[in-house]
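Read the structure below first, then the notes.
The values are calculated or read from the model by the stated rules, or taken from the named source; none is laboratory data. Since we're looking at a predicted model, the values are computed, not measured. Cβ: placed from backbone, ideal geometry, glycine included. Neighbour counts: every protein chain shown.
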């Protein structure tokens with residue numbers, strides 16, 4: 001393993017790290033705990049991401065789903081969808097990986113204080129929202145009402161299902177789950193996430209909405225929120241993009257002139273409305 | 001009085017640098033194609049040629065190179081960085097290419113800097129060559145430079161009778177010239193040629209207003225989405241990073257990539273943010289004329305060298321596009337939020 | 001004769017027979033040509049037709065699948081239509097081929113053209129397009145066939161000499177893939193060089209990878225190359241790609257008596273299996 005110094009002087013060189021634990025969240029999503037070999041680790045804020053390297057296969061960006069303030073190792077909820085994620089899924093605890101980070105901006109917590117929050121997640125999109133959910137649940141008095149709308153294709157695709165009960169139990173917090181398709185063992189709501197927004201009619205008054213999910217869900221959720229009177233500056237999203245450097249240099253992750261790796265991944269909609277077709 | 005270097009003196013100077021181990025990268029003919037290459041002797045340099053097909057950027061930003069390797073052995077893992085140890089002279093840069101180096105410094109040296117670029121950049125001296133003629137595709141004066149502009153160079157040479165007028169433009173340049181035999185001589189400098197001017201006023205604002213315009217689809221109809229424009233361009237800098245695996249060794253390679261390449265922005269899972277030909281082709285121009293000036297607060301990412309004009313197989317002409325955008329104009333669009 | 005092109009285009013567009021007519025217009029250098037996609041009769045006024053019209057416009061049919069399109073095709077270009085119909089890439093009834101006879105085309109790169117014809121014209125067997133819906137006869141004496149001297153030179157080399165020759169050529173390849181992008185035969189949704197798993201070639205722009213790229217591409221085109229010469233024209237570093245493709249064309253013709261795209265019926269040898277081949281004498 002190599003010293004952390006190399007990574008500090010060359011931003012393209014990953015920190016040496018190991019996967020310390022793996023937990024299956026769904027059939028194709030695993031929760032990976034990652035610990036740096038040297039230097040203890042780096043501080044990160046809700047919304048930020050890091051690159052994980054499967055050496056010899058490649059490197060890809062993943063949102064950090066743990067809350068640094070809670071202590072404990074860095075966590076990533078990763079869906080098996082490409083070559084790097086597949087390589088990570090094939091690894092046992094103890095395997096060598098590389099980590100580069102933290103990158104990107106973070107959720108504007110100061111702007112959220114005192115506001116009601118509507119947190120809308122789709123599928124694996126719950127992963128970057130989890131640290132902000134944990135923050136607001138852990139500091140209830142700093143924030144207004146909390147409504148979490150979360151859906152996935154089927155009940156088996158809901159991630160972090162073991163934490164739902166705890167979230168719903170916090171006073172002032174409301175968790176509304178949904179799935180796109182009914183299936184065995186699911187007694188709850190069957191509807192697309194945007195339809196649930198329409199059903200629940202959250203008020204736009206002193207409220208900020210935070211959306212994360214597949215681009216198509218974001219588009220339709222955005223439309224429902226606008227119909228309820230939410231304005232662009234009241235809607236926050238976190239976007240994913242193909243990335244290679246995280247430094248604003250390889251120049252591929254842009255939405256318009258905003259680089260998702262530097263100006264994002266957290267954006268308010270008034271920052272990106274001019275280039276929405278590139279969502 | 002200015003300093004004069006005869007042609008023989010120039011060749012001797014460069015051969016002297018070569019002898020002491022400096023890599024001299026200069027325009028040279030490779031099977032009839034003019035390219036910047038390390039030369040074994042000064043005589044191999046194509047001093048009178050026009051623009052090279054490729055820009056000199058590949059010396060500071062190689063077509064592909066190893067970032068690092070990770071070798072695993074006996075439960076341990078060792079990481080070795082790729083390094084560049086030598087010293088180099090980039091010779092024969094016309095002012096458009098000197099501006100190109102400067103514009104490439106902007107993203108790569110912005111903190112945190114790209115370590116391998118910075119290393120090569122610090123170890124490379126830039127020796128420029130003033131232009132005695134313009135080609136029909138040149139438009140450097142529209143991009144903030146000129147055929148005789150010494151900016152961003154360490155040494156500037158201007159071709160005159162029998163040799164070159166010499167000016168050092170930096171301390172590095174002065175040090176480099178120490179081994180050259182220079183004469184004090186009154187040398188009249190030639191009138192620089194005058195390339196055509198393009199209407200680049202307010203281009204980022206115009207571009208933004210016309211972002212969703214159907215114009216892009218019409219130009220993109222003939223685009224074949226190869227990598228030529230991006231690769232010949234002195235300021236296109238998008239890159240790819242990919243891992244190779246051989247036995248116990250993993251190698252991470254950084255290489256050129258063009259926004260026109262398939263899968264450039266495609267996310268795992270298949271989502272394509274720029275699926276249409278129009279959006280894809282527009283991305284290159286948007287980067288040069290809108291995103292780069294906005295992100296780095298200033299210049300357009302273009303030097304007016306005209307290489308893309310000359311090399312595009314279907315005549316997508318950046319000069320024509322600039323003119324068309326201005327002609328279509330901001331006034332023809334409402335709020336600028338029109339989507340195509 | 002150019003008026004014939006314009007008239008036909010105007011007629012097709014006005015009648016709504018096609019949505020678009022792809023032809024040639026003058027490029028920004030004032031001397032070469034470039035593709036023009038005309039969507040209205042007025043735009044058809046810009047069409048030109050002369051010896052600088054080197055592009056294979058039929059390649060653009062791959063971008064317009066299912067959309068009624070007219071395209072101006074020289075004899076070599078017209079073979080593209082047969083090839084792509086054979087390979088189920090385009091529908092014949094969505095294509096209106098405006099065929100033009102051809103006395104040969106010149107070397108044309110931005111800012112300059114040659115006096116003499118492209119060398120491939122010297123070995124072209126065709127004067128009239130092999131498929132067309134409307135034929136325009138271009139006046140002009142066809143130059144006598146000169147054969148293909150570069151190919152003869154290559155064939156006279158020993159295998160070792162040929163290896164060194166091609167290694168020398170591929171060294172300056174920058175992997176711009178213009179040869180692939182312009183080629184009507186290269187339309188794989190994911191090209192083998194872009195595959196990650198397995199990574200056949202990778203992103204290193206270096207001689208070994210360059211060689212693999214060109215050689216495999218040549219083999220993928222063997223028996224399919226319709227000899228439009230576009231790959232060589234677009235190469236920014238002048239790699240003589242037609243030499244490679246025509247060598248393989250000659251090999252396939254020698255083995256199977258087949259040249260692709262010449263008619264709509266003959267099945268390509270590599271996509272066809274006949275039981276007799278099992279029993280054929282080696």
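Six or more apart or on different chains, Cβ atoms under 6 Å: show the pairs whose first residue is in the range B:117-142 and within 14 Å of chain C (Cβ to nearest Cβ) and whose second is modelled with pLDDT of 95 or more and in a helix (DSSP H, G or I).
As it stands, the answer is B:137/B:309; B:137/B:310; B:139/B:319, since those pairs meet every condition given.
Please go through the range A:229-262 and give me each residue that is closer than 18 Å to residue A:115 by Cβ and touching a strand residue (DSSP E or B) at 6+ places or on another chain (Cβ under 9 Å), ordered by number.
Across the range A:229-262, the qualifying residues are A:230, A:232, A:233, A:234, A:235, A:236, A:237, A:238.
With C:160, C:169 as the choices, which residue is at pLDDT 90 or above and within 20 Å of residue C:233 (Cα to Cα)?
From the options C:160, C:169, the qualifying one is C:169.
Where in the range A:63-157 are there helices (runs of 4 or more DSSP H), lying wholly inside it, with at least 3 residues that are touching a residue at least 12 places away in the same chain (Cβ under 8 Å) and within 14 Å of chain B (Cβ to nearest Cβ)?
Of the helices (runs of 4 or more DSSP H) lying wholly inside the range A:63-157, those with at least 3 residues that are touching a residue at least 12 places away in the same chain (Cβ under 8 Å) and within 14 Å of chain B (Cβ to nearest Cβ) span A:83-89.
Can you confirm whether residue B:231 is at the interface with another protein chain (Cβ under 7 Å from one of its Cβ atoms), touching a strand residue (DSSP E or B) at 6+ places or on another chain (Cβ under 8 Å) and buried (at least 22 other Cβ atoms within 10 Å of the Cβ)?
yes
Considering each residue of the range B:278-290, count those that are more than 10 Å from chain A (Cβ to nearest Cβ) and either free of Cβ contacts under 8 Å to residues at least 40 places away in the same chain or touching a strand residue (DSSP E or B) at 6+ places or on another chain (Cβ under 9 Å) (or both), and give that number.
Total meeting the criteria: 0.
Could you grab me the full set of residues in the range C:24-49 that are assigned to a loop (DSSP other than H, G, I, E, B), touching a strand residue (DSSP E or B) at 6+ places or on another chain (Cβ under 6 Å) and either under 13 Å from residue B:314 (Cα atoms) or modelled with pLDDT under 95 (or both)?
Within the range C:24-49, C:27, C:32 meet the criteria.
Given B:309, B:241, B:253, which one is at the interface with another protein chain (Cβ under 9 Å from one of its Cβ atoms) and part of a helix (DSSP H, G or I)?
Being at the interface with another protein chain (Cβ under 9 Å from one of its Cβ atoms) and part of a helix (DSSP H, G or I) holds for just one of B:309, B:241, B:253, which is B:309.
Could you tell me whether the range C:60-69 includes any residue that is surrounded by 23 or more Cβ atoms within 10 Å (Cβ to Cβ) and closer than 22 Å to residue C:188 by Cβ?
yes
Return the residues of the range B:260-277 that are under 26 Å from the mean Cα position of the chain (by Cα) and either outside any loop (DSSP other than H, G, I, E, B) or more than 7 Å from every other protein chain (Cβ to nearest Cβ) (or both); say none if nothing qualifies.
B:260, B:261, B:277
If I go through the range B:119-136 residue by residue, how many of them are out of contact with any strand residue (DSSP E or B) (no Cβ under 8 Å at 6 or more places or on another chain) and part of a strand (DSSP E or B)?
Of the residues in the range B:119-136, 0 are out of contact with any strand residue (DSSP E or B) (no Cβ under 8 Å at 6 or more places or on another chain) and part of a strand (DSSP E or B).
Condition check: under 30 Å from residue C:207 (Cα atoms) and within 14 Å of chain B (Cβ to nearest Cβ). Does residue C:243 satisfy that?
The answer is yes for residue C:243.
Scan the range B:49-75 for residues that are farther than 18 Å from residue B:310 by Cβ and under 22 Å from the mean Cα position of the chain (by Cα) and report the count.
Qualifying residue count, the range B:49-75: 9.
State yes or no: is residue B:51 crowded, with 16+ Cβ neighbours inside 10 Å, in contact with a helix residue (DSSP H, G or I) (Cβ under 7 Å, 6 or more places away or on another chain) and within 14 Å of chain C (Cβ to nearest Cβ)?
Spelling it out, residue B:51 is indeed crowded, with 16+ Cβ neighbours inside 10 Å, in contact with a helix residue (DSSP H, G or I) (Cβ under 7 Å, 6 or more places away or on another chain) and within 14 Å of chain C (Cβ to nearest Cβ).
Conditions first: (1) surrounded by fewer than 22 Cβ atoms within 10 Å (Cβ to Cβ); (2) touching a residue at least 60 places away in the same chain (Cβ under 8 Å); (3) within 25 Å of residue B:237 (Cα to Cα). Residue B:57 passes all but one, so which condition is the exception?
(1)
For residue A:20, indicate whether it is in contact (Cβ under 8 Å) with a residue 24 or more places away in the chain and within 14 Å of chain B (Cβ to nearest Cβ).
no
Return the residues of the range B:241-259 that are within 25 Å of the chain's Cα centre (by Cα) and over 27 Å from residue A:216 (Cα atoms); say none if nothing qualifies.
Hits for the range B:241-259 are B:241, B:242, B:252, B:253, B:254, B:255, B:256, B:257.
Inside the range C:50-162, counting only strands (runs of 3 or more DSSP E) that do not spill past its ends, which hold 1 or more residues that are touching a helix residue (DSSP H, G or I) at 6+ places or on another chain (Cβ under 7 Å)?
C:69-73, C:95-100, C:134-136
Could you list all residues from the range B:156-181 that are surrounded by fewer than 17 Cβ atoms within 10 Å (Cβ to Cβ) and either out of contact with any helix residue (DSSP H, G or I) (no Cβ under 6 Å at 6 or more places or on another chain) or in a helix (DSSP H, G or I) (or both)?
Of everything in the range B:156-181, those that are surrounded by fewer than 17 Cβ atoms within 10 Å (Cβ to Cβ) and either out of contact with any helix residue (DSSP H, G or I) (no Cβ under 6 Å at 6 or more places or on another chain) or in a helix (DSSP H, G or I) (or both) turn out to be B:161, B:162, B:170, B:171, B:172, B:174, B:175, B:178, B:179.
Do you know which residues across the range A:38-62 are within 14 Å of chain B (Cβ to nearest Cβ) and not in a loop (DSSP other than H, G, I, E, B)?
Within the range A:38-62, A:49, A:51, A:52, A:53, A:54, A:58, A:59, A:60, A:61, A:62 meet the criteria.
Looking at (1) within 13 Å of chain B (Cβ to nearest Cβ); (2) closer than 22 Å to residue A:52 by Cβ, find the lone condition where residue A:266 falls short.
(1)
Being surrounded by fewer than 20 Cβ atoms within 10 Å (Cβ to Cβ) and either within 7 Å of another protein chain (Cβ to nearest Cβ) or part of a loop (DSSP other than H, G, I, E, B) (or both) is the filter here, so list the residues in the range C:165-190 that pass it.
The answer is C:186, C:187, C:188, C:189, C:190.
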